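Here the structure comes first, spelled out in structure tokens, and everything after it is commentary.
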Amino acid sequence: MSSFIDTIVDFLVRLLGIPQGAAGFMLILVAVVLGVVVFLFTAVNALVAVYMERKVSAFMQDRLGPMEVGFWGFRGGKRFWGGIAQTLADTFKLLLKEDIIPDKSDRKLFILGPFILYGAVFCAFIGIPLGYGMAISDFNIGIFYVIAISSVGVIGIILSGWGSNNKWSLYGAVRSAAQIISYELPVGMSLLLVVMVVGSLQFHDIVAWQEQHRWFLFHSPFTIVAFVIFFLSGVAEANRTPFDIPEAESELVAGYMTEYSGFRWAIFFLSEYANMAVISLMTAIVFLGGWLSPVGGLLRLFGVPEGWYYLDGSLWGVFWISAKAILFIFIMMWFRWTWPRLRVDQLMYTAWKVFLPIALLNIFFVGIWELIFA
Amino acid sequence: MGNVVFIGVAVLVVVSAFFVVTARNLVYSAVALMGTLFGVAGLYVFLYADFMAAVQIVIYVGGILVLIIFGVMLTNKIATPVLIQTSMPNRALAAVVVFLIFLGLTTLLFRTPWHEGATVAPEGTVATIGQALLTKYLIHFEVAGVLLLLALLGAAYLSRRENG
């Protein structure tokens, strides 16, 4: 299974007749271009997701949300299309805003912090496939790579919190560090169960297993428990409500991003929504069969032979994985606008006394289950 | 091409390690240490040890480095005092010790009969590591596990309120 980047380099090398020696530089060029693509992906993702969040929250609270900056002529009128350009306008506002760096802050760390946070999420995207053979780099250790590299982001949060030289920022950073380190364990443990069953850390192998057998969500009672633990811990790692105590507005102003404004603040936002996308994509790949078509799976159950109506294939694969990921992003927004925030001690209690023991027991029981049924 | 990347990674390791020891602010040292640890992970990748590289990142960068920064942050006003050793006799002594260690390491480096490692990527490092851990190195693995559990219990015991 060669990765996306190799395929492109091979294709270009053959197309342009580049000598073997220059292929390395071609690789660097393609890597840079793909990096820009990932950046644009996260930027568009944030644009759409912010608008979605505002509309979802508005409809959940029986409001209308943004409805002035946009097109009014389409069907549905002002109510649905009225605010479509709102986040675009917000982006311009953020980019043009004055960039304030507090006088007494630690200037270097203040500037470095957001970039480390964004860099971690950006690197995580490189290992995640968006369809069969559509990962930028298909690692042997894919799932572990994504967990490892996203654990780096917390350093960015700590540095920006400490560098701001503001007590609210520092409290936010301390809480965030404790929270992310705690919730990494249930995430790893619940993924370990899937890795145990498949016997591989590669995303493609995990999806191939689900294609041959069934989606992990429906595999056994233990995988359902693992799915719930993984998704909730993922929400906690992305600092989303009900686990958003690092930026709790009512207690800490805005936590570690209190002192940030303009573009630097926008990077925090970009990272948050990119993080949500990473977790949703991971959930979709690991537990919901990634790019596999749900239509095909259902039809196969009823003994319908394979055909075009299975709606699978590479482009349909991208559609399905995006649909599943968007569903999970929507569920995260649903959480945010319906559940109140946890207290710090409740947060730690959930991680260490509920999720972790259940996840450990889960691993034990799934071993027995696989011995009996596999 | 591989050479260019390797030199880049090696320079990253050495330069950031230099900053770790010369920075006058503990937090800056910790940030520089992040560069070193990432560079070492890169070196593992060059040795076809992809699993080790990810373990390096998740344990050292995601765990230990966060813990170091965490500790520094909670220590009040540690950024202000100069952390570099200023007493002259100590500096001279340190120079001698450092020179001796440097001499020892370089002679070791040149005297060791290095043998060429694998030049082709091995198939599936993870499965090999797992099998070795649960067969050949089972006792070491279990002892390390018990040791870590003891450390965890000890830390929990020490941090209980009645023990101060």
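The numbers here are math on the coordinates, done by the rules we state, and not lab data. Here the structure is a predicted model, which is why all the values come from computation and not from measurement. Quick reminder, even Gly has a Cβ in these numbers, built from the backbone with ideal geometry, and neighbours come from all protein chains shown.
Descriptive notes on the structure:
- Under the span-like rule (Cα at least 24 Å along the axis, Kyte-Doolittle mean at least -1.0), DSSP H helices of chain B: B:2-22, B:26-46, B:88-111, B:138-158
- Selected from A:Asp99, A:Asp312, A:Asp62 as most flexible by GNM, with chain A as the system and alpha-carbon contacts under 10 Å: A:Asp62
- Evaluated at q = 0.11, 0.13 Å⁻¹: base-10 log I(q)/I(0), Debye formula over Cα of the range A:89-221: -0.57, -0.72
- Computed over the Cα atoms of the range A:155-275, pair by distinct pair, the Kirkwood hydrodynamic radius stands at 16.0 angstrom.
- Pairwise Cα distances in the range B:122-164 exceed 16 Å for 56 percent of all pairs.
- Computed [θ] at 222 nm, helices only, for chain A once each DSSP H run of length n ≥ 4 contributes -39500 (n - 2.57): -22500 deg cm²/dmol
- Cα gyration tensor shape of the range A:198-356, rounded if a/c is under 1.5, else prolate or oblate by comparing a/b with b/c: prolate
- Per-selection Rg to Rh, chain B - Cα, Kirkwood hydrodynamic radius: 1.03
- Taking all Cα pairs closer than 8 Å and separated by 6 or more residues, the relative contact order of chain A comes to 19 percent.
- The simple spin-label model puts a point 7 Å past each Cα toward its Cβ; for B:Ala127 and B:Ile68 those points are separated by 3.7 nm.
- Modelled label positions at A:Trp334 and A:Phe39, each set 7 Å beyond Cα in the direction of Cβ, lie 3.6 nm from each other.
- Among A:Arg107, A:Arg343, A:Arg63, the largest mean-square fluctuation in a Gaussian network model of chain A (Cα springs under 10 Å) belongs to A:Arg63.
- The calculated FRET efficiency for the pair B:Asn90 and B:Phe6, based on their C-beta separation and a Förster distance of 35 Å, comes to about 0.40.
- Spatial extent of the range A:103-373: Rg and Dmax, with the Cα atoms as the point set, Å: 19.6, 70
- Remark: the A:Asp103-A:Ser137 segment gains 8.0 nm on full extension, using 0.36 nm per residue and subtracting the alpha carbon distance.
- Structure remark: mean-square fluctuation, Gaussian network model of chain B, C-alpha springs under 10 Å; the largest value among B:Gly63, B:Gly42, B:Gly154 belongs to B:Gly154.
- FRET efficiency, 1/(1 + (r/R0)^6) with R0 51 Å, evaluated for A:Met52 and A:Val13 via beta carbons: 0.80
- The alpha carbons of the range B:1-81 give a radius of gyration and a Dmax of 14.1, 47 Å, in that order.
- From helices alone, chain B scores -23000 deg cm²/dmol at 222 nm; the rule is -39500 (n - 2.57) for each run of n ≥ 4 DSSP H residues, then divide by the residue total.
- Phi angles of the range A:145-153 translate, via the Karplus equation with coefficients 6.51, -1.76, 1.60 and θ = phi - 60°, into HN-Hα couplings of 4, 5, 4, 5, 6, 6, 6, 6, x Hz per residue; Gly and Pro are given as x.
- Share of alpha-carbon pairs per 10 Å distance bin for the protein assembly as shown, given as whole %: 3, 14, 26, 27, 19, 8, 2, 1, 0
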